Amino acid sequence: TALALFIVTAPQLTYTARYGDTVHMICNFPVPKEDEINKLKVSWTHVQTKDQEARQVIMFNNGIEDVLSQENMYKGRARLVSQELKNGMAILQIEEVKLTDAGTYVCVLQLEGSDYQEMTLNVQASYSKIATSSHVTEDNEISLTCESLGFPKAEVYWKTNGVNVSSPVNTSHSRTSDGLYRTTSTIKAVDMNQYYNCVFWNEALNEETEA
């Protein structure tokens, strides 16, 4: 009898994960017979940018995961959900997602024949925790500051009683060691009887957070 074609498919080609969350990326392949799992080879690799070499995330061979081939940046965070192989699913699970996990992932499966699929992971980080502070300037004015970490870069605007403030706002962005944006915004409080809110607008997440 002729062998059925060994074809790998992907139910989803683009994934978006939040910083610190867990993501599952899936490749489907023909459901193997029980005795074929130990002959199955599964490889997941990751390329952050096109000019970089592929990094080994997962290598599964002869029924076991080869932890020695795994790059350090994925150790303790990435694994193959091996119990789903019998259902024809090679699922890569990454925990505590980092910004550096973004990029292209390729799954290669081999059993009688071989095939592959590639997919993209985007990583975003919400500006959910906003630190606020105030101090008196040399001119005896009150300076209000809001600071938060997130990704990608956010816009910041200020409101009093729900109305946008027109006075000058000084907003700056710097990068942390793990690639997040540290966004700091400062305004001089013109009327101390008013309550001021700072609003972080993350366009990529279509999300506003305020303090």
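Here are the numbers for this structure:
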read-out	value
Among the candidates 104, 120, 100, residue that is under 16 Å from residue 74 (Cα atoms), of a type in the set (Ser, Thr, Tyr), in a strand (DSSP E or B) and not assigned by TED's automatic domain parsing to the domain that holds residue 184	104
Hey, residue 125 of a type outside the set (Val, Ile, Thr), at pLDDT 90 or above and surrounded by 13 or more Cβ atoms within 10 Å (Cβ to Cβ) or not	yes
Residue list for the stretch 19-34, restricted to those being within 21 Å of residue 118 (Cα to Cα) and of a type in the set (Ser, Thr, Tyr)	22
Matching residues in the stretch 180-208 - criterion: being surrounded by fewer than 15 Cβ atoms within 10 Å (Cβ to Cβ) and farther than 19 Å from residue 134 by Cα	203, 204, 206, 208
Identity of the residue in the stretch 48-95, among the hydroxyl-bearing types (Ser, Thr, Tyr) and outside any loop (DSSP other than H, G, I, E, B), that ends up surrounded by the fewest Cβ atoms within 10 Å (Cβ to Cβ)	69
Subset of the stretch 12-42 [outside any strand (DSSP E or B) and among the β-branched types (Val, Ile, Thr)]	22, 31, 37
Subset of the stretch 191-202 (residues that are in a loop (DSSP other than H, G, I, E, B) and in contact (Cβ under 8 Å) with a residue 40 or more places away in the chain)	192
From 148, 167, 185, residue being among the small types (Gly, Ala, Ser), over 30 Å from residue 34 (Cβ atoms) and at pLDDT below 95	167
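The values are calculated or read from the model by the stated rules, or taken from the named source; none is laboratory data. It should be emphasised that the depicted structure is a prediction, and the values quoted were computed from it without experimental measurement. Quick reminder, even Gly has a Cβ in these numbers, built from the backbone with ideal geometry, and neighbours come from all protein chains shown.
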